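Asker: Mind having a look at this structure? Questions to follow.
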Amino acid sequence: PVISTYSVSDLRDGMGLLRYPISGGENKFWTSQNMNTLWANAITLGPLNTNAGRPSTGSPGLSITAIDVLGDTTIVVFQGNQIFNFTTVWSGIIDTLPADMVYTTKLFNSRIFYPQINSGYSYQTAAGSAATDVATPLVWSFEVLDNKIWALDNSFTLHASTSGDSGSWQPKARIPVDYTPTYPYGQLVVYDNAAGELTLWALTHSGPYLYDADIDKWIQSRFRHPYYQTGLNVPRPGIVYRESLYVQTRNREINKLTMTGDHLLIDKIDIDLPDGVTTDYTGRFQNFDSDNKLLFGSLSTGSFVTDTALNQSLVAYNGKGWHVLVTQVRNSQMYGGPKVVTNSLGERCYFSFTESGGNSELHHINLLTLGVNPLVSTTQTYAASGFVELPYFSGGYEAQQKVAIACRIKVAGASANETVQIAYRIDRSTGSYTNLGSAITATTEQTLRFGTNNVGLAFKSIQFRLTLARGATTTLAPKIEYFAMDYIRLPEVRKGFQVTIDASDAAPDGQTPQQQLENIWTAVETSTLGTFAYRDDTGGTRSYLVKVMRPEGVEQTGYDARNEYNVFLY
């Protein structure tokens, strides 16, 4: 038998928990929690999210619904309409907007604009100033293009302004879409048209529309999708990332739209591809933002007022697949964030987690440290614990019995406090995992053998879970450089017979050597099984269904058809 190796050192292709093999290999997809899997040979704990708490003055409400930056100040909207500033501490309430919930914002003309849907809109000229409320238009979404701010109102009519002031808006074409459903929605975004020119797109519950400014007309794109009822509750269902437009068309369905000349290419990048993730991530996408390196998304479930133990996760897409950076078991939606903000505090991705009791708190991760390979970084801070759950591995042959010999693992940064525990389960089990040996605390390659007295572990398919933990020092974490399992394939035991056929004279059945030779080749070329029978030592007859294989023989030449062959019957 030959020892084979199953190895893992690069998880950059993203999550998916592949259970059965498809093209591309079995170990391409996985799932995880609180892990940084964005680098090859450096699988480690995800970033430590820093908690800024809630405002200490005013009425913080239950949820963060919007985050942005004005000048050098981070602006946070609580409970849909209460504006607070966050520098290194919270301010008091800066302003209370009209009653509508604010989920998105837009910067233009040194101002931050707040859509109010059924109450007009508001804009703020300085972080410490109250906002100016404007009654019309009733804005759903803002976008900036050609030195103008554009607004889509709640009847799907477009408006344009060079300042954003009250009374400065010019009405434009209305999108020819039905706006009477219970939950209609529309969002403006700037992306290419078929000529490669930047233009306004409107993402609606009936699909995207493109605006033709020359003729003041909306044209429906070739990408249609069913009415997405909860779209109004998604702050940003679409975003441009790496020259493509990413559009959410259902709770978890993300489509990548790429305009190439007169073609609109469409690819699905759902978090559930190829075979779905674990139940930890059963929520829906709430919002997106990007720093052009990564596309960040918030994934959560629940409601504003419950306190059910459900996961909220900050996930990242790197152009290949989805990665879970931070997970917290709490209730409610993550409406606030992710939002990438660069100011004097640094380059951060802000997001909200709902804490116990239903109150949202502001969190962030440092994007500069996240962008450095963990093997060379000395400034990254890491989550306290996390895990990677690899897909089931069968060696491409599910029915074949195998024996696991040992696992080999190399961990950088391991210590008595920074550890990696290997665990496994076999044969498609969905139950608990069994630990393999003790937690890894050494930085040299470690070999952990299977079975009592190293006798090995019989399996047909096997799944591994690698659990990482750090100690009290947040800048230290274990980093898996590679993980491998050595195993032996055990082919099923079968009977084999080697039979000599002597066709030097006529056989007892009266067949000539030529006929016997033809019979040999007919049997070899037959794809089904034939019967092989013989007498045993007691005179009884035994028979087996066999396949004739591997003919080896010597033939006479010319007109002499005599021959002698050995054939193998399997």
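Asker: Based solely on C-alpha atoms, express the radius of gyration and the Dmax of segment 326-432 in angstrom.
Answerer: 19.8, 60
Asker: Report the Rg/Rh value for the chain, based on alpha-carbon coordinates and the Kirkwood definition of Rh.
Answerer: Values: Rg = 32.8 Å, Rh = 27.9 Å.
On the Cα set of the chain, Rg over Rh gives 1.17.
Asker: Quick one: if the Förster radius is 22 Å, what FRET efficiency do D502 and D537 give, using the C-beta to C-beta distance and rounding to 0.05? Before the final figure, lay out each step's value.
Answerer: Numbers: r = 22 Å, r/R0 = 0.99.
With a Förster radius of 22 Å, E is 0.50.
Asker: Any idea what log10 I(q)/I(0) is at q = 0.11, 0.14, 0.17, 0.19 Å⁻¹ for segment 418-553, Debye with uniform C-alpha scatterers and no solvent?
Answerer: -0.67, -0.80, -1.02, -1.18
Asker: Among T278, S360, A194, which residue has its Cα furthest toward the positive end of the charge dipole of the chain, with +1 on Lys/Arg Cβ and -1 on Asp/Glu Cβ?
Answerer: Value computed over the given set: S360.
Asker: Let me ask something else about it. Kirkwood hydrodynamic radius of segment 126-166 from all distinct Cα pairs, in Å?
Answerer: On the way: mean 1/r = 0.0896 Å⁻¹.
Evaluated on segment 126-166, it is 11.2 Å.
Asker: With +1 on the Cβ of every Lys and Arg and -1 on the Cβ of every Asp and Glu, and nothing else charged, how large is the dipole of segment 167-228 about its Cα centre, in debye rounded to the nearest 20? If you can, show how the numbers build up before the last one.
Answerer: Numbers: 5 positive and 6 negative charges, 42 e Å.
Result for segment 167-228 is approximately 200 debye, rounded to the nearest 20.
Asker: Ok, one more. In segment 411-570, with Lys and Arg counted as +1 and Asp and Glu as -1 at Cβ, which of these residues, F483, F450, T419, has the Cα nearest the positive end of the dipole, that is, farthest along it?
Answerer: It is T419, whose Cα lies furthest towards the positive end.
Asker: Also: F288's amide H: which non-local residues (gap 5+, or another chain) put their own amide H closer than 5 Å, with H modeled 1.01 Å from N in plane and none for Pro or chain starts?
Answerer: Amide H to amide H, under 5 Å and 5 or more residues apart or across chains, F288 pairs with R236.
Asker: What does the helix-only formula give at 222 nm for the chain: each DSSP H stretch with n ≥ 4 adding -39500 (n - 2.57), the total divided by the residues, and the result rounded to the nearest 500 deg cm²/dmol? Provide the component values of the computation, followed by the final result.
Answerer: Details: 2 runs with 17 residues, N = 570.
So the calculated ellipticity at 222 nm is -1000 deg cm²/dmol.
Asker: According to the Cα gyration tensor, what semi-axes, each the square root of 5 times an eigenvalue, does the equivalent ellipsoid of segment 102-151 have, listed from largest to smallest in whole Å? Walk me through the intermediate numbers first.
Answerer: On the way: eigenvalues 45, 44, 15 Å².
After scaling each eigenvalue by five and taking roots: 15, 15, 9 Å.
Asker: Which cross-chain or sequence-distant (5 or more) residues have an amide H under 5 Å from the amide H of V420, H modelled 1.01 Å from N in plane?
Answerer: Amide H neighbours of V420, under 5 Å, 5+ apart: I440.
Asker: Pull up the cross-link candidates among the aspartates and glutamates for K148, meaning alpha carbon to alpha carbon under 20 Å and not fewer than 8 places away within one chain.
Answerer: Cross-link targets: D68, D133, D165, D192, E197, D212, D214, D216.
Asker: In Å, what Rg and Dmax follow from the Cα atoms of segment 368-488?
Answerer: Computed over the Cα atoms of segment 368-488, radius of gyration and Dmax are 15.7, 48 Å.
Asker: Where does each of 205-218, 532-545, 478-491, 68-81 land if you order them by average Cβ count within 10 Å, highest first? Each step should come with its number before you reach the end.
Answerer: On the way: 205-218: 16.9, 532-545: 9.1, 478-491: 18.8, 68-81: 20.7.
Those peptides, ordered most packed to least, come out 68-81, 478-491, 205-218, 532-545.
Asker: Starting from the Cα gyration tensor of segment 72-119, take the square roots of the eigenvalues, sort them a ≥ b ≥ c, and report rounded, prolate or oblate (rounded when a/c is under 1.5, otherwise prolate if a/b is larger than b/c, else oblate).
Answerer: On the way: a/c = 2.42, a/b = 1.29, b/c = 1.87.
Judged from the Cα gyration tensor, segment 72-119 comes out oblate (a/c at least 1.5, b/c at or above a/b).
Asker: In square angstrom, what is the accessible area per residue of the chain with a 1.4 angstrom probe? Display every interim value, and only then the final one.
Answerer: Values: 25010 Å² over 570 residues.
It amounts to 44 Å² per residue over the chain.
Asker: Using the Cα centre of the chain as origin and beta-carbon charges of +1 (Lys, Arg) and -1 (Asp, Glu), tell me which of L152, T342, A472 is placed farthest towards the positive end of the dipole.
Answerer: Highest projection toward the positive end goes to A472.
Asker: Moving on. Among the listed pairs K28/K479; K217/K268; K460/K547, which are separated by more than 23 Å between their Cα atoms? Could the numbers behind the result be given before it?
Answerer: Numbers: K28/K479 19 Å; K217/K268 29 Å; K460/K547 26 Å.
With Cα atoms farther than 23 Å apart: K217/K268; K460/K547.
Asker: Moving on. For a quick check: with amide H placed at 1.01 Å from N, whose amide H comes under 5 Å from K106's, ignoring anything fewer than 5 positions away on the same chain?
Answerer: Correct list: F113.
Asker: Applying 1/(1 + (r/R0)^6) with R0 = 41 Å to the Cβ-Cβ distance of S155 and S429, what FRET efficiency is obtained, to the nearest 0.05?
Answerer: Details: r = 56 Å, r/R0 = 1.36.
Given R0 = 41 Å and the Cβ-Cβ separation, E is 0.15.
Asker: Another question about this same structure. So if I place +1 on the C-beta of Lys and Arg and -1 on the C-beta of Asp and Glu, and nothing else carries charge, what would the dipole magnitude of segment 360-425 be about its Cα centre? I want it in debye, nearest 20.
Answerer: On the way: 4 positive and 4 negative charges, 66 e Å.
Once rounded to the nearest 20, the dipole reads 320 debye.
Asker: Related question: For segment 115-149 and segment 445-512, what is the separation of their C-alpha centers, rounded to whole Å?
Answerer: 65
Asker: For segment 1-133, give me the percentage of DSSP beta bridges that are antiparallel, rounded to the nearest 5 percent.
Answerer: Details: 26 of 27 bridges.
For segment 1-133, the DSSP antiparallel bridge percentage is about 95.
Asker: Helix 513-525 sits at what angle to the longest principal axis of the chain, using alpha carbons and giving 0 to 90 degrees rounded to 10?
Answerer: Helix 513-525 and the main axis of the chain meet at about 20 degrees.
Asker: If you split all Cα-Cα distances of segment 362-416 into 10 Å bins from zero, what percentages do you get per bin, shortest first?
Answerer: Taking all Cα pairs of segment 362-416, the binned fractions are 14, 32, 25, 19, 9, 0 percent.
Asker: OK, next. About its Cα centre, how strong a charge dipole does the chain have in debye, to the nearest 20, once Lys and Arg get +1 and Asp and Glu get -1 at the Cβ? Intermediate values should be presented prior to the final figure.
Answerer: Details: 42 positive and 51 negative charges, 231 e Å.
It works out to roughly 1100 debye.
Asker: So, how do all the Cα-to-Cα distances of segment 1-123 break down into 10 Å bins, in percent, from 0 on up?
Answerer: 11, 28, 18, 18, 16, 6, 2, 1
Asker: How much of the accessible area of the chain, in percent, comes from carbon and sulfur atoms when a 1.4 Å probe is used? Display every interim value, and only then the final one.
Answerer: Values: 12230 of 25010 Å².
Carbon and sulfur atoms account for 49 percent of the accessible area of the chain.
Asker: Please give the contour-minus-distance gain from Q514 to Q220: 0.36 nm per residue of separation, less the Cα-Cα distance, rounded to one decimal in nm. The partial results should precede the final answer.
Answerer: Numbers: separation 294, 0.36 × 294 = 105.84 nm, distance 7.59 nm.
Gain on stretching Q514 to Q220: 98.3 nm.
Asker: How large is the translational diffusion coefficient of segment 240-293 in µm² per second when you combine the Kirkwood radius over alpha carbon pairs with Stokes-Einstein at 25 °C and 0.890 mPa s? Walk me through the intermediate numbers first.
Answerer: Details: Rh = 12.5 Å.
D = 197 µm²/s.
Asker: Let me ask something else about it. Shape verdict for segment 517-570, please, from the Cα gyration tensor: rounded (a/c under 1.5), prolate (a/b greater than b/c) or oblate. Spell out each step's value before the answer.
Answerer: Details: a/c = 2.87, a/b = 1.64, b/c = 1.75.
Oblate.
Asker: Continuing with this model, one more query. P(r) tail for segment 424-497, what percent of Cα pairs lie past 14 Å? Before the final figure, lay out the partial values.
Answerer: Details: 1936 of 2701 pairs.
Distances greater than 14 Å cover 72 percent of the Cα pairs.
Asker: To continue, here is another question. Can you run phi through the Karplus equation (6.51, -1.76, 1.60; θ = phi - 60°) for segment 281-288 and list ³J(HN,Hα) in whole Hz, with x for Gly and Pro?
Answerer: Couplings: 10, 8, x, 10, 6, 10, 6, 9 Hz.
The values are calculated or read from the model by the stated rules, or taken from the named source; none is laboratory data. What you are looking at is a predicted structure, and each value in this text was computed from that prediction instead of being measured. Here Cβ is always computed from backbone atoms with ideal geometry, including for glycine, and neighbour counts include all displayed protein chains. Surface accessibility is based on the protein's heavy atoms, side chains included, excluding ligands, DNA and RNA. Shrake-Rupley method; radii C 1.70, N 1.55, O 1.52, S 1.80 Å.
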